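Have a look at the structure below before the remarks.
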Amino acid sequence: MEERLDAALGEASETDRVVIEKGALGRVGEVFEGCFGAVPAVIVADERTFEVAGEDVERSLKAAGCTLAGRFVFPVHPPLFPDSEGVGDLREWLRGREAVPVAVGAGTINDITKRASHECGRPYMAVATAASVDGYTSFGATITEDGYKHTLPCPAPRAVVADVEVLAGSPERMTASGYADLLGKITSGADWIVADALGVEAIDRTSFEMVQGPLRRWTALPGRLRRGDEEAVAGLMEGLVMSGLAMQRYRSSRTASGAEHQFSHLWEMEGLGHDQDPPLSHGFKVGVGTVAIAALYERMLLKDLTDIDVDGICRRWPGRDEVERRVREAHPNPVMARAAVEESLAKHPTAGELRRRLVRLTRGWDALRGRLREQLLPPGELRRLLAEAGCPTSPREIGLGWESFRQTYARAQTIRRRYTVLDLALESGLLEECVEELFAPDGFWGGSSASP
């Protein structure tokens, strides 16, 4: 692990140190002093994560001779979300203290601290309390602002410390959430392969292999993860950290996020699971989205795209005004509609551009289909792996109705400009047909295989 992390850190632009080991909380002070020198530290946590690790972090900082300039501890009730309000509260508190924040917690604490630190013009450090997200080392922070979820630019932490004993002792649902997030790299990798093959976004081979190379090994032990096996948890954390480092290198989440995340982001912006206790995790939504997108790929790979009606598709291709009308109809919330229109129009090709893309698709489909079959796992296999890790695998398990879930295939395509299989299906005239097949009585979501 250490060799892989060192190589990845050599490719990263912002993170200098990563420590994933048993007893790592005792090294926080050493790592902080090595990265920031004599600058004072402040602890940022919530009540739960401070109880789990905050006091140990403070002891380690003091033992290393670091100055502590205070602590900012969010309450756990009401539930904390990574939104602009939390960022603003922390930002104003930090501005009164010339100190480097040490985020002690998981995804929400890390994203809030990352963005608030950036707005204050200072670096920060992360101490992970759960292997639950890949955002610890990512280049930006995912923050909800005015009801719309954005990945806002801001540097990753200068250092990350993860104590394997703390990770293994975190709630089962958090480790399961991290597993689901990591397993989603299988479909996001396929989406990048599609974008590369169609000339939309070329694969950066180093960034791609940082995630995809060891991915099957990182995701091979879901049952051991569920039992809190420390070796399996350490491997999961490595995978999540490496995903973030790849995002740093490429300066985009393309390395780790595709259509499965578009499903999750749509549901999150609409508040799915916010009223649950604890709130439904990002990773659980990504996991269901991963199965959904793998099922769509399965249908697409059965089609002969060498013989699609290019002339007819281009003749019927909608103009920008029609796209805007359809997108606004799909999103009743005006804030979401406005942002979705912007994203949809940013990637909407002219009829001429579409023709060139479809000709390229028809000529290269056989080779592309082969590459995708090597990359993907069947949706039934993904459901099995997720279930072994303790993750939900169907929309009903996350509180989503079947009709809303069905509509997600079309609606999720509109919220991000990133090219994915949703765009491939739409542009080849097959999205509606494939969704119909998936929800038919003998289809993946219509048959017995979709039962929780």
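Tabulated data
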read-out	value
Residue match in the stretch 11-26 (condition: open to solvent by 50 Å² or more (accessible area, probe 1.4 Å), assigned to a loop (DSSP other than H, G, I, E, B) and either among the aromatic types (Phe, Trp, Tyr) or without any contact (Cβ under 8 Å) to a residue 12 or more places away in the chain (or both))	no
Strands (runs of 3 or more DSSP E) lying entirely in the stretch 46-138 (those with 1 or more residues that are open to solvent by less than 20 Å² (accessible area, probe 1.4 Å) and farther than 29 Å from residue 287 by Cα)	100-105
Residue within the stretch 333-341 that is more than 25 Å from residue 368 (Cα to Cα) and polar (S, T, N, Q) present	yes
Output for the stretch 281-304, where each listed residue is in a loop (DSSP other than H, G, I, E, B) and closer than 26 Å to residue 443 by Cβ	301, 302, 303, 304
Residue satisfying condition, being modelled with pLDDT of 90 or more, of a type outside the set (Ser, Thr, Tyr) and either over 11 Å from the mean Cα position of the chain (by Cα) or open to solvent by 30 Å² or more (accessible area, probe 1.4 Å) (or both), within set 165, 145	165
Checklist (1) at pLDDT 95 or above; (2) farther than 26 Å from residue 254 by Cβ applied to residue 113, failing item	(2)
Residue ID - surrounded by the fewest Cβ atoms within 10 Å (Cβ to Cβ), chosen from residues in the stretch 390-416 that are over 18 Å from the mean Cα position of the chain (by Cα) and small (Gly, Ala, Ser)	401
Selection from the stretch 48-80 of residues that are in contact with a Pro (Cβ under 6 Å, 6 or more places away or on another chain) and modelled with pLDDT of 95 or more	67, 69
Check on residue 278, farther than 21 Å from residue 377 by Cα, in contact with a helix residue (DSSP H, G or I) (Cβ under 8 Å, 6 or more places away or on another chain), modelled with pLDDT of 95 or more and part of a loop (DSSP other than H, G, I, E, B)	no
Residue ID - nearest to residue 169 (Cα to Cα), chosen from residues in the stretch 35-45 that are open to solvent by 10 Å² or more (accessible area, probe 1.4 Å) and under 30 Å from the mean Cα position of the chain (by Cα)	35
Qualifying residue in the stretch 177-194 (condition: surrounded by fewer than 23 Cβ atoms within 10 Å (Cβ to Cβ), over 15 Å from the mean Cα position of the chain (by Cα) and closer than 28 Å to residue 421 by Cα)	yes
Residue check for residue 19: among the β-branched types (Val, Ile, Thr), at pLDDT 95 or above and within 30 Å of residue 212 (Cα to Cα)	yes
Count - residues of the stretch 74-101 that are β-branched (Val, Ile, Thr) and over 12 Å from residue 112 (Cα atoms)	2
Of residues in the stretch 368-389 being open to solvent by 10 Å² or more (accessible area, probe 1.4 Å) and in contact with a Ser or Thr (Cβ under 8 Å, 6 or more places away or on another chain), the one farthest from residue 302 (Cα to Cα)	387
The lone exception for residue 362 - which of (1) of a type in the set (S, T, N, Q); (2) open to solvent by 10 Å² or more (accessible area, probe 1.4 Å); (3) under 28 Å from residue 176 (Cβ atoms) it fails	(3)
Residue, nearest to residue 10 (Cα to Cα), within the stretch 248-260, restricted to residues that are outside any loop (DSSP other than H, G, I, E, B) and open to solvent by 10 Å² or more (accessible area, probe 1.4 Å)	249
Selection count, the stretch 261-276, where residues are more than 10 Å from the chain's Cα centre (by Cα) and open to solvent by 10 Å² or more (accessible area, probe 1.4 Å)	8
Residue list for the stretch 195-210, restricted to those being open to solvent by 10 Å² or more (accessible area, probe 1.4 Å), part of a helix (DSSP H, G or I) and not polar (S, T, N, Q)	196, 197, 205, 208, 209, 210
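The values are calculated or read from the model by the stated rules, or taken from the named source; none is laboratory data. Note that this is a predicted model, so its numbers are computed, not measured. A quick note on method: Cβ atoms are made from the backbone with ideal geometry, for glycine too, and the neighbour counts reach across all protein chains shown. Side chains are part of the model used for accessible areas, which takes the heavy atoms of the whole protein and leaves out ligands, DNA and RNA. Shrake-Rupley method; radii C 1.70, N 1.55, O 1.52, S 1.80 Å.
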